[in-house]
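Peer 1: Just dropping this structure here.
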Amino acid sequence: MINFTEVAETNSMIEKENLDVRTITMGISLLDCIDTDLNKLCDNIYNKIYESAKDLVKTGDEISKEFGVPIVNKRISITPIAMIGSSACKSSDDFVQIAKTLDKVAKAVGVNFIGGYSALVSKGMTTSDRLLIESIPKALACTDVVCSSVNVGSTKTGINMDAVRLMGTIVKKTAEETKENDSLGCAKLVIFCNAPDDNPFMAGAFHGVTEADKIINVGVSGPGVVKTALEQVRGESFEVLCETIKKTAFKVTRVGQLVAKQASARLGVPFGIIDLSLAPTPAIGDSVADILHEIGVEHAGAPGTTAALALLNDQVKKGGVMASSYVGGLSGAFIPVSEDQGMINAVEAGALTIEKLEAMTCVCSVGLDMIAIPGDTKDTTIAGIIADEMAIGMINQKTTAVRLIPVIGKGVGETVEFGGLLGYAPIMPVNNFGCENFVNRGGRIPAPVHSFKN
Amino acid sequence: MKKVIITVVGKDTVGIIAKVCSYLADAEINILDISQTIVSGYFNMMMVVDFGKVTKSFDTISSELDELGNEIGVMIKCQREEIFDSMHRI
């Protein structure tokens, strides 16, 4: 039978160390909603999502109450809208109407975010893909909870540089459209390489076409729990360090697995995957950077950071896969800047630059995440940064992503406040040497060879 | 059998166990195990109970225990046993 110490340990993780289930995300296929008439299509989408997810928030809250563990977010991911709207949408504004429908139904069922205002263009763009991408700035400006993502490359197809170049401009336009709110729109837009079909985390969640009609995916979290566990093994060898991370990741993931199974049974929707990510929040003590500090670097960004992050990421996976049979999504340590107080401190101390963050993304999920940059950064420079990050994903056969926020009207040294889970961020300098001749070439970067690994 | 773990933490005072137990008896909740200690003036109790015969909803019991805790000046938490089992048993 369960003993006193075990109960106390679990409850201390929840109460003091911010252990929570970060999100229950219901993936919903919208393929059966497709219609040539836009109004009919929007009605179909509204009805399908409403019927599927009307009990999601209530069920999440019940589970949270019964097990005494917070379930922070309830979200929905849907089939990429570029596919769903392809026969009904003749213009970008038609796509915006779908975005408004998504916003309305997400609010009606009470979820925090709905992800899947997306296009998958890793090799080429259809007319519909292009219209959707061009509609993103307006769609994100006139909705609150809709999240958008665009997959512009993969290890199998190479990188669609036309899409990369276009996204440089779209990120900038999204910033312009939402400049009254510190360019918040860009916090809801992710550009991916090797985007997973079953990611429960926002802003990059969408419900891939390889998935079932409906599915429950769960994202666990717990940087604070890992940090507290590591405080007990200061000065010990790497073996002890890794063992501690693995055991902690196991415990955290088991909570996610339990919640996922319960949600799946109560909603009558099959269980998909657990995403093992260590996802920080701006709350004190809920930081991945603090774990890196505890492992032994003064600030995230100091020499040794990439190695520390690599081992952290790997141990989290090793502990997590033992705890759940179905692991998927992004599964790794997230290193967003604005959502992690330790990362913000590192930037303010001058320890962390975009270039170091880029190096760190080679060994962890996911990418250059929630980084505020000067509002006057050129479209082509943003496209260049995206291309670099996509190349890391393509060559290393991993998911990478870019979520940059060019804050219109602000420059290096100023800060920007997004509020809530999105936090605040100091604006970081970017390398402004030109890359126009590179990103303007047009066409694709070919897929890499899978041999001669060096 | 529907096992639930109840934890009570707070400043020690007369009658905590009595009040919690009489509430549980009224709600038809059977107590399977109790362990209790005092750590530097703080009362710590863990109970394993059975919700098998309970007619009220989990939510109601949880809120009523919350209220009772406020009256006595302690924190009362009830959680289904599975969360501890999943975390601590392979």
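Just so you know, all these numbers are worked out from the coordinates, no wet-lab data involved. Source: prediction; values computed, not measured. Quick reminder, even Gly has a Cβ in these numbers, built from the backbone with ideal geometry, and neighbours come from all protein chains shown.
Peer 1: With the crude spin-label approximation of a point 7 Å out along Cα→Cβ, what separation in nm comes out for A:I284 versus A:K90?
Peer 2: 5.9
Peer 1: Still on this model: For A:E414 and A:Y46, what is the calculated FRET efficiency with R₀ set at 35 Å and r taken between the beta-carbons, to the nearest 0.05?
Peer 2: 0.30
Peer 1: Sum up the charges of everything whose Cβ sits under 13 Å from the Cβ of A:E211, counting Lys and Arg as +1 and Asp and Glu as -1, but leave A:E211 out.
Peer 2: Result for the local shell: -2.
Peer 1: Here is a follow-up. Spelling out what I want: for every residue of region B:32-47, take phi, set θ = phi - 60°, compute 6.51 cos²θ - 1.76 cosθ + 1.60 (Karplus), and round to whole Hz; glycine and proline get x.
Peer 2: Working through the residues one at a time gives 9, 7, 10, 10, 8, 9, 10, 10, 5, x, 9, 8, 10, 9, 10, 10 Hz.
Peer 1: Please list 3J(HN,Hα) in residue order for region B:18-23, calculated via the Karplus relation 6.51 cos²θ - 1.76 cosθ + 1.60 where θ = phi - 60°; whole Hz, with x for glycine and proline.
Peer 2: 4, 5, 5, 5, 5, 4
Peer 1: Could you work out, residue by residue across B:68-80, how many beta carbons of other chains sit within 10 Å of that residue's beta carbon, and then give the average as an integer?
Peer 2: That works out to 2 on average.
Peer 1: I would also like to ask the following. With n ≥ 4 as the cut-off for DSSP H runs, can you work out [θ] at 222 nm for chain A, using -39500 (n - 2.57) per run divided by the number of residues, rounded to the nearest 500?
Peer 2: -14000 deg cm²/dmol
Peer 1: Once a ≥ b ≥ c are taken as the square roots of the eigenvalues of the Cα gyration tensor of region B:3-88, is the result rounded (a/c under 1.5), prolate (a/b larger than b/c) or oblate (a/b not larger than b/c)?
Peer 2: Oblate, because a/c is 1.5 or more while a/b does not exceed b/c.
Peer 1: Right, next: Where the only charges are on Cβ atoms (+1 Lys, Arg; -1 Asp, Glu), what is the dipole of chain A about its Cα centre, to the nearest 20 debye?
Peer 2: 900
Peer 1: Please compare each pair in A:K48/A:K173; A:K247/A:K453; A:K188/A:K318; A:K123/A:K156; A:K123/A:K188; A:K179/A:K410 to a cut-off of 21 Å on the Cα-Cα distance and tell me which ones are over it.
Peer 2: Over 21 Å apart, Cα to Cα: A:K48/A:K173; A:K247/A:K453; A:K188/A:K318; A:K123/A:K188.
Peer 1: Turning to a different aspect of this structure: Could you state the number of Å between the C-alpha centres of region B:7-82 and region A:10-35?
Peer 2: Cα centroid to Cα centroid, the span is 29 Å.
Peer 1: Can I ask one more? Considering only DSSP beta bridges with both partners in region A:19-193, what is the antiparallel share in %, to the nearest 5?
Peer 2: Just about 10 percent of them are antiparallel.
Peer 1: Moving on to the next point. Using DSSP to define loop residues, name the trypsin sites (Lys or Arg not before Pro) in chain B whose beta-carbon has at most 15 other beta-carbon atoms within 10 Å.
Peer 2: Answer in residue order: B:K2, B:K53, B:K56, B:R89.
Peer 1: Taking the highest mean first, how do the peptides A:385-396, A:218-229 order by number of other beta carbon atoms within 10 angstrom per residue?
Peer 2: Result, highest mean first: A:218-229, A:385-396.
Peer 1: Moving on to the next point. What net charge do the residues around B:S40 carry, taking every other residue with its C-beta under 15 Å from that of B:S40, with Lys and Arg at +1 and Asp and Glu at -1?
Peer 2: With Lys, Arg at +1 and Asp, Glu at -1, the neighbours total 0.
Peer 1: Which of rounded, prolate or oblate describes region A:264-394 when judged by the alpha-carbon gyration tensor and an a/c cut-off of 1.5?
Peer 2: Note, shape of region A:264-394 comes out prolate.
Peer 1: Taking each residue of A:59-69 in turn, how many C-beta atoms of other protein chains fall within 10 Å of its C-beta, and what is the average?
Peer 2: Mean partner shielding for this stretch: 4.
Peer 1: Additional query: Take the cross-link list A:K90/A:K214; A:K100/A:K138; A:K65/B:K11; A:K227/A:K261 and give me the ones stretching past 19 Å between alpha-carbons.
Peer 2: Cα-Cα > 19 Å for A:K90/A:K214; A:K65/B:K11; A:K227/A:K261; rest within.
Peer 1: Set the Förster distance to 35 Å, then compute FRET efficiency between A:A307 and B:M1 from the Cβ-Cβ distance, nearest 0.05.
Peer 2: After rounding to 0.05, the efficiency reads 0.10.
Peer 1: Here's another thing I want to ask about it. Using a ≥ b ≥ c from the Cα gyration tensor of chain A (square roots of the eigenvalues), is it rounded, prolate or oblate, where a/c under 1.5 gives rounded and otherwise the larger of a/b and b/c decides, a/b for prolate?
Peer 2: Oblate.
Peer 1: Under 5 Å between amide H atoms, partner at least 5 residues away or on a different chain: which partners does A:V407 have, H built in plane at 1.01 Å?
Peer 2: Under 5 Å from the amide H of A:V407: A:I373, A:G375.
Peer 1: A further question follows. In whole Hz, with x marking every Gly and Pro, tabulate ³J(HN,Hα) for region A:198-208 from phi via Karplus 6.51 cos²θ - 1.76 cosθ + 1.60, θ = phi - 60°.
Peer 2: 10, 6, x, 8, 8, 8, x, 6, 8, 9, x
Peer 1: Further question on the same structure: Could you list which residues have their amide H under 5 Å from that of A:S365, counting only those 5 or more apart in sequence or on another chain, with H placed in the peptide plane?
Peer 2: A:A333
Peer 1: Of the beta bridges DSSP finds with both residues in chain A, what % are antiparallel, to the nearest 5?
Peer 2: 35
Peer 1: Something else now. Within 10 Å of each Cβ of B:6-16, how many other protein chain Cβ atoms are there on average?
Peer 2: Other-chain Cβ atoms within 10 Å of each residue's Cβ, averaged: 1.
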